Number of protein chains: 2
Amino acid sequence: DDLKKQQTVESSDPYALDPKRHPMLHTNSLKPFNAEPPPEILTDSYITPSAFFFKRNHLPVPQVDPASYQLVVEGLPGGVLKLSLEELKTKFPKHTVTATLQCAGNRRSEMNKVKQVKGLNWGLAAIGNATWSGAKLRDVLLAAGYGSDVAQWARHVQFEGLDKDVMGTAYGASIPVNKAVSEEGDVLLAYEMNGEELPADHGFPVRVVVPGTVGARNVKWLRKIIVSTDESSSHWQQNDYKGFSPGIDWDTVDYRSAPAIQELPIQSAITTPSDGAVVYRSAKEVTVKGYAWSGGGREVVRVDVSLDGGKTWQVAQLRGNEKGQGPEFSPPPGRAWAWKLWEVSAPLPPEVQELEIVCKAVDNSYNMQPDTISPIWNLRGVLSNAWHRVKVNIREDAVEE
Amino acid sequence: DDLKKQQTVESSDPYALDPKRHPMLHTNSLKPFNAEPPPEILTDSYITPSAFFFKRNHLPVPQVDPASYQLVVEGLPGGVLKLSLEELKTKFPKHTVTATLQCAGNRRSEMNKVKQVKGLNWGLAAIGNATWSGAKLRDVLLAAGYGSDVAQWARHVQFEGLDKDVMGTAYGASIPVNKAVSEEGDVLLAYEMNGEELPADHGFPVRVVVPGTVGARNVKWLRKIIVSTDESSSHWQQNDYKGFSPGIDWDTVDYRSAPAIQELPIQSAITTPSDGAVVYRSAKEVTVKGYAWSGGGREVVRVDVSLDGGKTWQVAQLRGNEKGQGPEFSPPPGRAWAWKLWEVSAPLPPEVQELEIVCKAVDNSYNMQPDTISPIWNLRGVLSNAWHRVKVNIREDAVEE
Ligand SMILES: [Mo]
Ligand SMILES: [Mo]
């Protein structure tokens, strides 16, 4: 009876079985579900609680029975390898990696203010930092027959999800094979997030976690892995998630002319105070908090903060993890997968009614964020990583309103 | 007699035996010799001729007898390994890599215009692209006893040059061990540049070539390689070649707070026309040329050019190598060591007397150059990679002056 009712609901609305979500999330789209937490929650803890981790679904959340789940590995000389969830968990060592994931569209709303773009109107919280546990993709590929002979011709590892559109087309993406098989790439077939089984919105029972790489390649509800000469032929690999010059519009865009986004560029944003916030003169100082992260395993080494719109700068305190700071706590070079939270407290400048607070981060390749949005504007509104700016009003306490 | 004369000269002037240089080079410092070619020469050929390749010497050029030269490898369990030049050439496979080298101070003169910095006043041509041949550092380290046991503790590979100051201190630098031993790192102990033996100014008989890494780590006149737990203790590793926030001055700088520059950020510059050049209205169009490069093996995927100071942009044609363009000619991911030259021809906009030409490049991690110089200004004037701008005057042909 219940099953029948469910199926009826399902046939009329493919999203009817989507999981419940936390009511504090800001919803950008309900079907498919896309939502982000209030920004200040991001800097409350180094690890983002799963409930507050941004949800970015392209399609309905698939209902997966873990007992009958099978992961399929194709394209290797040994033929097709099929793994049950139990086999994935027991046949391969379990690795845990703390990695930040960011949606390509994070901070798109700022680009929208320059000129309308196409895409969900993400604020600055389509990013989160979690602890992921699972088998190494490298280990599974080696067990499935990957070796030096395959390395001669293999160039990409493709992923397909169990999430499908009404035509039956599954979500898909791919990553370069060297990232997939590198010992230092740390690519996981994750079955846990923050020490618990993957939540439905984050890919239960198995997702790919590709540290340092755009969210879109971290395929959820993973069904199939294909070692190939080619990139995924999916819409999301070929005709989406690419960056273009600001002069390119929908009449002139040639998706073949740009590479698929993989590693993301240096990013930072202010989570508190929020734009338009009020601080009182009696507080004497203002505390600014935010996050900073760079793709490709590049470590954030500095965040500069300005209270005067970028004329003068001070250096923020970085918080990299729970263990401590300094070189002895640094991740191995090229494997800084997790963000740094940062904070700066500064005296309120006298005789100023408004602060324009700005942040910009630097990674260990000394890449910096661009100053302004217009020159990096692109028709799809991805890769929005200009300096983040918020305006704050200073109110004199004497004035009661 | 000749020898005696030489020694007398040498004792009075350690630079007396420096080699002859091409008269077209712009000299920034004579002793030690630091010079760069006219910018437009850089875009005349994909491979920079050795004579025009920027010279960046910290000390006098050492006189090295190739017959008695010995390369020393230290810090490995097998004890000290010594290699003659002949052994280096015959005991290890010869590899050839095309790699761009850039001085950390390239384009420092633009920072100097914002506020005085300390350092040689480099223009935009302290960069060059050459073909380097030699043994792989990886192969030499493996032969000298590097293995999984060493990998447990080794963190850095230090280099010492034969060039010494008056106190006898040699030039030194180091790189992370994973770059040194990685199969994909392509670090060479090079004995040839552009198909000929290394010129004296470029490190004869052997230099390190660390593709994707700042010039300063590409130690010339290589004498010693040391596998270590620590970075080089040299001045140039510890107290130079680091980037700081624009607010840091010589009273507040703490060199321990910033990482040694290794991989360089995305860079591009306009080689022609030059700033202040005149174009005639009758030419109808203007051709703009330049170079673009990114460190860490990241490939330049796009160069945007503006004629109106950054308000509107067009995409330049890229030239990656002599073979061709397109994905089939791309280097393997993460191993794009060489620059791209670029070019754009555009109609002269009517009713404008002056063009402000601007370029900015994008690499395959979608890192972009910062818009302006002030926010990346640093007391040592390194890492100057803001958009490059040149102003060009349009002259009406009717007016004879
Ligand atoms: Mo995304
Ligand atoms: Mo340099």
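The values are calculated or read from the model by the stated rules, or taken from the named source; none is laboratory data. What you are looking at is a predicted structure, and each value in this text was computed from that prediction instead of being measured. Cβ atoms come from the backbone with ideal geometry, glycine included; neighbour counts cover every protein chain shown. Calculation scope for accessible area: heavy atoms of the full protein, side chains included, ligands and nucleic acids excluded. Shrake-Rupley method; radii C 1.70, N 1.55, O 1.52, S 1.80 Å.
Do we have any residue at all in the range A:188-201 that's more than 14 Å from chain B (Cβ to nearest Cβ) and farther than 28 Å from A:A336 by Cβ?
Checking the range A:188-201: at least one residue is more than 14 Å from chain B (Cβ to nearest Cβ) and farther than 28 Å from A:A336 by Cβ.
What helices (runs of 4 or more DSSP H) lie completely within the range B:100-172 and have 3 or more residues being open to solvent by 40 Å² or more (accessible area, probe 1.4 Å)?
Passing ranges, in order: B:137-143, B:148-153.
Taking the stated definitions as given, is A:T48 hydroxyl-bearing (S, T, Y) and surrounded by 20 or more Cβ atoms within 10 Å (Cβ to Cβ)?
Here the answer is yes, as A:T48 does meet what is asked.
What is the number of the single condition among (1) polar (S, T, N, Q); (2) open to solvent by less than 10 Å² (accessible area, probe 1.4 Å); (3) more than 16 Å from the chain's Cα centre (by Cα) that B:Q267 does not meet?
(3)
Among the residues of the range A:25-54, how many are closer than 23 Å to A:W337 by Cβ and assigned to a strand (DSSP E or B)?
So the answer is 1.
Of everything in the range B:247-263 that's facing another protein chain (nearest Cβ under 8 Å) and open to solvent by less than 20 Å² (accessible area, probe 1.4 Å), which residue is farthest from B:V214 (Cα to Cα)?
Of everything passing the filter in the range B:247-263, B:A258 is farthest from B:V214 (Cα to Cα).
Just checking: which of the strands (runs of 3 or more DSSP E) contained wholly in the range A:307-365 hold 1 or more residues that are over 26 Å from A:G295 (Cα atoms) and at pLDDT 95 or above?
A:340-347, A:354-363
May I ask you to list pairs of residues, at least six apart or on different chains, whose Cβ atoms are under 9 Å apart, with the first in the range A:80-95 being in contact (Cβ under 8 Å) with a residue 12 or more places away in the chain and assigned to a helix (DSSP H, G or I) and the second being surrounded by fewer than 13 Cβ atoms within 10 Å (Cβ to Cβ) and hydrophobic (A, V, I, L, M, F, W, C)?
Close Cβ pairs satisfying both conditions: A:L85/A:A67.
In the range B:180-207, what count of residues is obtained for those that are under 24 Å from A:N367 (Cβ atoms) and either open to solvent by less than 10 Å² (accessible area, probe 1.4 Å) or within 14 Å of ligand 2 (Cβ to nearest atom) (or both)? Explain how you work it out, then say what you get.
Taking the range B:180-207 first, the residues under 24 Å from A:N367 (Cβ atoms) are B:180, B:182, B:184-187.
Filter once more, so that each one left must be either open to solvent by less than 10 Å² (accessible area, probe 1.4 Å) or within 14 Å of ligand 2 (Cβ to nearest atom) (or both): B:180, B:185, B:187.
Count: 3.
Name the residues in the range B:211-246 that are open to solvent by 50 Å² or more (accessible area, probe 1.4 Å) and either assigned to a strand (DSSP E or B) or more than 16 Å from ligand 2 (Cβ to nearest atom) (or both), would you?
Of everything in the range B:211-246, those that are open to solvent by 50 Å² or more (accessible area, probe 1.4 Å) and either assigned to a strand (DSSP E or B) or more than 16 Å from ligand 2 (Cβ to nearest atom) (or both) turn out to be B:R223, B:T229, B:D230, B:E231, B:S233.
Quick check, is B:K391 at the interface with another protein chain (Cβ under 10 Å from one of its Cβ atoms), under 30 Å from B:R281 (Cα atoms) and in a strand (DSSP E or B)?
No.
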